[in-house]
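So that we are looking at the same thing, I have put the structure below in structure tokens.
The values are calculated or read from the model by the stated rules, or taken from the named source; none is laboratory data. All values reported here derive from a predicted model rather than from experimental measurement. Quick reminder, even Gly has a Cβ in these numbers, built from the backbone with ideal geometry, and neighbours come from all protein chains shown. Surface accessibility is based on the protein's heavy atoms, side chains included, excluding ligands, DNA and RNA. Shrake-Rupley method; radii C 1.70, N 1.55, O 1.52, S 1.80 Å.
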2 protein chains.
Amino acid sequence: MTDAQHEYVDQVATFFTMVGSARAWAEILGWLMICEPAEQSQAQIAAALSLSAGSVSTQLRTHVSLGLVEQVRVRGDRTQRYRLRSGAWHSVMASELDRIRALGELARDGAAVLPRERPERVTELGDLADFFAREWPPLMERMNAELTKGTP
Amino acid sequence: MTDAQHEYVDQVATFFTMVGSARAWAEILGWLMICEPAEQSQAQIAAALSLSAGSVSTQLRTHVSLGLVEQVRVRGDRTQRYRLRSGAWHSVMASELDRIRALGELARDGAAVLPRERPERVTELGDLADFFAREWPPLMERMNAELTKGTP
DNA sequence: AACACGTTTCAATCATCGCTGAACTGCTTG
DNA sequence: CAAGCAGTTCAGCGATGATTGAAACGTGTT
């Protein structure tokens, strides 16, 4: 692992820790973006990032469950490999829809305690969520259409 | 503060703590969504939520700096009041653009360590960021147009 | 001026959560 | 069936960061 690679992993990790991710989680993500080969065993990841086997196991599982990383079995080799899923970033964006829906839910539940004064404080959130729930799917479609040009 | 209100504040707080916000920050947000009157002093907020004056002061400042909350002076009364800004939720969405740009930056910096194997791991992120940087502003415009219908 | 009230600041405390290390499971091979 | 390796689990440690409480500040009031 070169200095430049190390620096980049750090940069990615810094970004994602800023938005609330665990350090190890973020470092693994950064490493899987640039490592060679793209498929890595847990041991390789642990070695490259100087992380304990435990952290790698745990955080890798959350990566997998989020759909960012996939496990691959290389035939002839029994050790599991992990790699960034192709389209990983797309699915991050696509999953935004769930969060938007959750916000809509929050707004809807607010109906029970709607304030007389400036009820928009709650309703505005609902309208917004509805707007995005409508706009997001076509946006995702355009995204896929546009960015799949080179890779069919 | 009724039980229902308390419950709702808790629900909002739970949602936002899930995505990495501080508990007090999130509770204040929930309270400012449904409190009556909409304008509240720090002391009122602290009392309603059983928070210390210190937390309220600190977290309220971050709310203000994020543009979610604004301070208002009620004439005749010297104590400062705080309230949810109208259009608060809109500006949350609008500020997403900054995060998208940051992701684009991250991808661009990745050029220095671009892997030979599956370089899309990095470049895909850049394309995505570009796509959103282009799509976001018009989307925001449509959002404002559509949701401002009732409130000119 | 002195006081009262609202707000800010900050050091100390507390809680949370991620990380480590070691023990454990399961699989494969000699 | 023992040995070796990959991965998992979990208790305990450590660090980060939020919360508190008290003291300082400022502003308006008597």
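Where in segment B:5-48 does accessible area fall by at least 40 Å² between the isolated chain and the complete protein assembly, at a 1.4 Å probe radius?
So the qualifying set is B:8, B:11, B:15, B:33, B:34, B:36, B:38.
With each run of n ≥ 4 DSSP H residues scored as -39500 (n - 2.57), what mean residue ellipticity at 222 nm is computed for chain A after dividing by its residue count and rounding to the nearest 500 deg cm²/dmol?
Taking each H run of at least 4 residues, the total per residue is -21000 deg cm²/dmol.
To the nearest 0.05, what FRET efficiency results for residue B:109 and residue A:130 with a Förster distance of 45 Å applied to their C-beta separation?
0.75
Gap in Å between the Cα centre of segment A:1-38 and the Cα centre of segment B:47-103?
33
Where does the charge balance sit around residue A:74 when Lys and Arg score +1, Asp and Glu -1, over other residues with C-beta under 11 Å from its C-beta?
+3
State, to one decimal in nm and shortest first, how far the label point of residue A:17 sits from each corresponding label point in the other identical copies (label point: 7 angstrom along Cα-to-Cβ).
So the distances to the same position in the other copies read 2.4 nm.
Using a Förster distance of 45 angstrom, determine the FRET efficiency expected from the C-beta separation of residue B:92 and residue A:6, and round it to 0.05.
Numbers: r = 35 Å, r/R0 = 0.77.
Once rounded, the FRET efficiency stands at 0.85.
What residues have an amide H closer than 5 Å to that of residue A:69, excluding those fewer than 5 places away on the same chain, when H is modeled at 1.01 Å from N in the peptide plane?
When sequence neighbours closer than 5 places are left aside, the close amide H contacts are A:64, A:85.
With +1 on each Lys and Arg Cβ and -1 on each Asp and Glu Cβ, and nothing else charged, work out how big the dipole of segment A:1-115 is about its Cα centre, in Debye to the nearest 20. Could you put the intermediate results ahead of the total?
On the way: 11 positive and 12 negative charges, 94 e Å.
Charge dipole, segment A:1-115, about its Cα centre: 460 debye, nearest 20.
Which of rounded, prolate, oblate describes segment B:46-152, given a ≥ b ≥ c as roots of the alpha-carbon gyration tensor eigenvalues and a/c under 1.5 marking rounded, otherwise prolate only if a/b is larger than b/c?
Cα axes put segment B:46-152 in the oblate bin.
What ranking, highest mean first, results for peptides A:18-31, A:132-145 when packing means the other Cβ atoms within 10 Å averaged over each residue?
Per-residue mean Cβ counts within 10 Å order the peptides as A:18-31, A:132-145.
Taking every residue in A:86-92, how many Cβ atoms of other protein chains lie within 10 Å of its Cβ, on average?
Per-residue shielding by partner chains comes out at 4.
Could you work out the local net charge near residue B:88, counting Lys and Arg as +1, Asp and Glu as -1, over the other residues with Cβ closer than 12 Å to its Cβ?
The answer is +1.
Enumerate the amide H contacts of residue B:82 below 5 Å, restricted to partners 5 or more residues apart or on another chain; note that Pro and chain-start residues carry no placed amide H.
B:40, B:41, B:72
Would you please classify the overall shape of the protein assembly as shown from the alpha carbon gyration tensor, given that a ≥ b ≥ c denote the square roots of the eigenvalues, rounded means a/c under 1.5, and beyond that prolate means a/b larger than b/c while oblate covers the rest?
Prolate shape, in that a/c is at least 1.5 and a/b is the bigger ratio.
What shape does segment A:3-85 take by its C-alpha gyration tensor, where a ≥ b ≥ c are the square roots of the eigenvalues and a/c under 1.5 counts as rounded, a/b above b/c as prolate, and the rest as oblate?
Details: a/c = 1.78, a/b = 1.45, b/c = 1.22.
Verdict is prolate for segment A:3-85.
A further question on this structure: With a cut-off of 8 Å between alpha carbons and a minimum separation of six or more residues, what is the relative contact order of chain B in percent? Walk me through the numbers on the way to the answer.
Working: 135 pairs, mean separation 22.1, N = 152.
So the answer I get is 15 percent.
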